[in-house]
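The values are calculated or read from the model by the stated rules, or taken from the named source; none is laboratory data. Here the structure is a predicted model, which means the values were calculated and not measured. Cβ atoms come from the backbone with ideal geometry, glycine included; neighbour counts cover every protein chain shown. Heavy atoms of the whole protein, side chains included, go into the accessibility calculation; ligands, DNA and RNA do not. Shrake-Rupley method; radii C 1.70, N 1.55, O 1.52, S 1.80 Å.
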Amino acid sequence: MNVQGGRRLGTLIGVGLACALLPGITLRGTETVDIALSVLMAAVVMTVLTQVIFIGPSGRVPLTALLVFGLAGFVQDALIWWLLSWLGPKIAYLHVEGLATILLAALITRATVLLLSQLSPAVETAED
């Protein structure tokens, strides 16, 4: 899996985990399809915005660089979850309640992205 695919997969898994684990994120659809579309909408918004403004390592990095990338990415993800808290009820059945939920969702999402970026195999370069 390439770096782009790992980052997208980490974002999708992180959004899914945040929606499933946090009680402040409610999916108020009446049918399973409504709930699935709400999670998909959140994942698409998060994935597109994190691809447009990419903050994160392109492979394995030292711990200090990982902490800097993690903090910057956490701020980015928190802003995106804040956008989703406003946008979610307007276009789907997603409701994000409170600043603590936004910060925890951002933490879960960014931790998942960074974990998958560090688990991906190191990129080897050919020596001439």
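Can you run down the residue pairs with Cβ atoms below 7 Å, 6 or more apart or on separate chains, where the first is in region 61-76 and modelled with pLDDT of 85 or more and the partner is assigned to a helix (DSSP H, G or I) and of a type in the set (A, V, I, L, M, F, W, C)? From region 61-76, the pairs are Gly70/Leu114; Gly73/Val113; Phe74/Ala106; Phe74/Leu107.
The rows are residues; the columns are (1) out of contact with any helix residue (DSSP H, G or I) (no Cβ under 9 Å at 6 or more places or on another chain); (2) closer than 15 Å to Ala105 by Cβ; (3) of a type in the set (Gly, Ala, Ser).
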| site | (1), (2), (3) |
| --- | --- |
| Leu37 | yes, no, no |
| Met41 | no, yes, no |
| Thr47 | no, yes, no |
| Gln51 | no, no, no |
| Val61 | no, no, no |
| Val68 | yes, no, no |
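Looking only at region 44-60, count every residue that is of a type outside the set (Lys, Arg), out of contact with any Gly (no Cβ under 7 Å at 6 or more places or on another chain) and in contact (Cβ under 8 Å) with a residue 12 or more places away in the chain and tell me the total. Steps first, please.
Going residue by residue through region 44-60, those that are of a type outside the set (Lys, Arg) are 44-59.
So of that shortlist, the ones also out of contact with any Gly (no Cβ under 7 Å at 6 or more places or on another chain) come out as 44-54, 57-59.
Restricting the remaining residues to those that are in contact (Cβ under 8 Å) with a residue 12 or more places away in the chain gives 45-47, 49-51, 53-54, 57-59.
Result for region 44-60: 11.
Could you run through region 22-78 and say how many residues are over 11 Å from Tyr93 (Cβ atoms), among the hydrophobic types (A, V, I, L, M, F, W, C) and under 11 Å from the mean Cα position of the chain (by Cα)? Number of matching residues: 8. Give region 109-122 a look and list any residue that's open to solvent by 40 Å² or more (accessible area, probe 1.4 Å) and modelled with pLDDT of 90 or more, or say none. Listed by number, the list holds a single entry, Ala111.
The residue pairs whose first member lies in region 29-40 and is in contact (Cβ under 8 Å) with a residue 24 or more places away in the chain, whose second member is open to solvent by 40 Å² or more (accessible area, probe 1.4 Å) and of a type in the set (Val, Ile, Thr), and whose beta carbons are closer than 7 Å, counting only pairs six or more residues apart or on different chains, are Gly29/Ile35. The numbered conditions (1) at pLDDT 90 or above; (2) open to solvent by 40 Å² or more (accessible area, probe 1.4 Å); (3) of a type in the set (S, T, N, Q) are all true for Thr125 except (1). Counting only helices (runs of 4 or more DSSP H) that sit completely within region 1-97, those holding 2 or more residues that are over 20 Å from Leu115 (Cβ atoms) and open to solvent by less than 70 Å² (accessible area, probe 1.4 Å) correspond to 32-52, 63-91.
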